[in-house]
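Accompanying notes for the structure given below.
The values are calculated or read from the model by the stated rules, or taken from the named source; none is laboratory data. Remember, predicted model here, so these are calculated numbers, not experimental data. Neighbour counts are summed over all protein chains in view; Cβ atoms, including those assigned to glycine, are modelled from backbone coordinates with ideal geometry. Surface areas here come from the heavy atoms of the whole protein model, side chains and all, with no ligands, DNA or RNA. Shrake-Rupley method; radii C 1.70, N 1.55, O 1.52, S 1.80 Å.
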Amino acid sequence: MDAFSDEALVRKAQGGNNEAFTELARRYQERIYHTIFRFTRNHGDTDDLTQETFMYAFKSLKGFRRKSSFFTWVYRIAVNHTLNFLKKKKQEQGREEFFENYSYGRETESGDSSPDVSSFNKELREKLEDAIESLPLSYKMSFVLVVFQGLTHNQAAKVLRCSENTVSWRMHKARKMLQAGLRPWLSGGGHEVP
Amino acid sequence: MKCHKFERWISDGIDHALNEKKSKLLRVHLERCFSCRSYEESLGNIQHFAENLDRPQASPEYWKGFRSRLKERMRLEEADRGRVQASRLEWKWAWGAILVLMVGLTFSWLSLRRASAHDLPLFSLEDSLDRYYQKIGDNAELEYAFNAVIENSIIESGTGRVLEQNLHLLDDPLIWESLSEEELKLLEQEVKKEIKT
């Protein structure tokens with residue numbers, strides 16, 4: 001199953017081959033998980049939503065017309081489920097909750113040996129996390145897909161069902177807000193507000 | 001062009017979403033504008049730190065368990081699907097049978113109606129002769145003439161029965177049965193002629 005392309009696996013899965021679908025899920029489970037986690041900040045909810053995303057994809061697979069790639073389609077499902085979840089819960093998780101629920105290993109930044117630089121960077125990272133959390137939902141969604149998941153504007157536009165221009169605009173606004181909020185920690189103040 | 005337009009281009013450039021023409025124009029502007037260069041540096045730092053933020057790393061055991069649970073849910077979903085399809089098929093057959101029954105009943109009812117409509121006589125011999133006798137009324141002579149015509153017609157048609165004189169036609173069922181439509185029409189014509197004469 002590893003050797004097959006996504007398209008070939010989708011065709012097999014649509015023909016009733018469940019192993020093909022399981023392989024597709026294996027390929028994208030982590031990316032979907034990380035994307036959802038950026039919004040829920042909670043392992044339990046992320047786990048549920050990730051399962052729901054793939055179950056929904058499994059049930060709807062026969063109706064998937066392959067106009068977009070499988071991963072774009074599954075991302076769209078994940079985004080919709082997450083947005084619906086957030087609307088229901090209306091929750092804004094603070095940083096304290098994030099550290100309480102976060103029980104897995106971490107990737108840490110390497111290379112900075114000086115304690116001052118290290119603590120500065122740590123503080124900047126924390127402030128950046130807070131700033132991203134406080135972005136408006138539509139800006140945050142574009143930012144997460146483009147920056148954290150590496151999607152192009154075109155791919156993100158397909159996932160979010162909007163135009164590329166809209167994604168570009170949201171990215172610009174998100175960065176502008178982050179830059180304004182993190183000015184004291186960033187070298188180079190940027191443009192002063194008139 | 002104002003700097004705020006270049007700010008958007010700087011953001012697009014970080015995402016590799018800027019075309020060649022705009023890239024060149026942006027590079028030319030950045031050489032001259034310190035503020036935009038600072039802004040570009042800030043966004044670059046944000047991008048670098050964002051890409052290197054902590055990511056939740058689930059263990060391989062977690063993912064193994066995740067896939068097992070997903071497979072189990074898929075199996076249950078397929079079992080449910082099978083049950084729903086079987087139930088839908090049963091309902092299809094039931095509705096099909098009901099439809100056939102209704103069509104059959106409708107057809108039978110229509111056939112019965114048509115059959116009873118066929119029982120109605122198109123031509124009533126009794127009524128026809130009765131009408132003429134009513135017209136004849138008390139005219140004994142005319143009645144005698146009419147009966148004679150009928151008698152002769154019957155004999156000519158070869159029924160083989162010798163009729164008694166002055167036998168009222170309506171009393172003899174054989175006479176009724178032996179006359180065809182055409183014969184009756186001829187009788188009518190003969191009677192009319194007799195009445196005229």
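The residue of the range A:150-168 that is farthest from residue A:31 (Cα to Cα), among those that are within 11 Å of another protein chain (Cβ to nearest Cβ) and surrounded by fewer than 18 Cβ atoms within 10 Å (Cβ to Cβ), is A:165.
Cβ-Cβ distances below 7 Å connect the following pairs, each with a first residue in the range B:2-13 that is facing chain A (nearest Cβ under 7 Å) and within 10 Å of residue B:36 (Cα to Cα), a second residue that is among the hydrophobic types (A, V, I, L, M, F, W, C) and open to solvent by less than 10 Å² (accessible area, probe 1.4 Å), and a separation of six or more residues or different chains: B:3/B:36.
Of all residues in the range A:10-29, those that are without any contact (Cβ under 8 Å) to a residue 24 or more places away in the chain have Cβ atoms under 7 Å from Cβ atoms of residues that are not aliphatic (A, V, I, L, M), 6 or more apart or on another chain, in A:20/A:12; A:22/B:67; A:22/B:71; A:26/B:67. Within the range B:114-149, the set of residues being in a helix (DSSP H, G or I), loosely packed, with under 10 Cβ neighbours inside 10 Å and either more than 60 Å from the chain's Cα centre (by Cα) or modelled with pLDDT of 80 or more (or both) comprises B:134, B:140, B:141. Residues in the range A:43-72 that are open to solvent by 30 Å² or more (accessible area, probe 1.4 Å), under 30 Å from residue B:52 (Cα atoms) and within 11 Å of chain B (Cβ to nearest Cβ) were compared, and the one that is modelled with the lowest pLDDT is A:43.
Among the residues in the range B:16-26, are any closer than 30 Å to residue A:41 by Cα and within 14 Å of chain A (Cβ to nearest Cβ)? Yes: the range B:16-26 contains one or more residues that are closer than 30 Å to residue A:41 by Cα and within 14 Å of chain A (Cβ to nearest Cβ).
The numbered conditions (1) in contact with a Leu (Cβ under 7 Å, 6 or more places away or on another chain); (2) β-branched (Val, Ile, Thr); (3) closer than 24 Å to residue B:76 by Cβ are all true for residue A:50 except (1).
Does residue B:80 satisfy the criteria of being out of contact with any Ser or Thr (no Cβ under 7 Å at 6 or more places or on another chain) and modelled with pLDDT under 80? Please lay out each step first, then the result.
Details: out of contact with any Ser or Thr (no Cβ under 7 Å at 6 or more places or on another chain): yes; modelled with pLDDT under 80: no.
Against the criterion (out of contact with any Ser or Thr (no Cβ under 7 Å at 6 or more places or on another chain) and modelled with pLDDT under 80), residue B:80 does not qualify.
Looking only at residues in the range A:127-141 that are at the interface with chain B (Cβ under 10 Å from one of its Cβ atoms) and either of a type outside the set (D, E, K, R) or open to solvent by 50 Å² or more (accessible area, probe 1.4 Å) (or both), the one that is nearest to residue A:168 (Cα to Cα) is A:132. Would you confirm whether or not the range B:75-87 contains a residue that is small (Gly, Ala, Ser) and within 10 Å of chain A (Cβ to nearest Cβ)? The answer is no, given that none of the residues of the range B:75-87 is small (Gly, Ala, Ser) and within 10 Å of chain A (Cβ to nearest Cβ).
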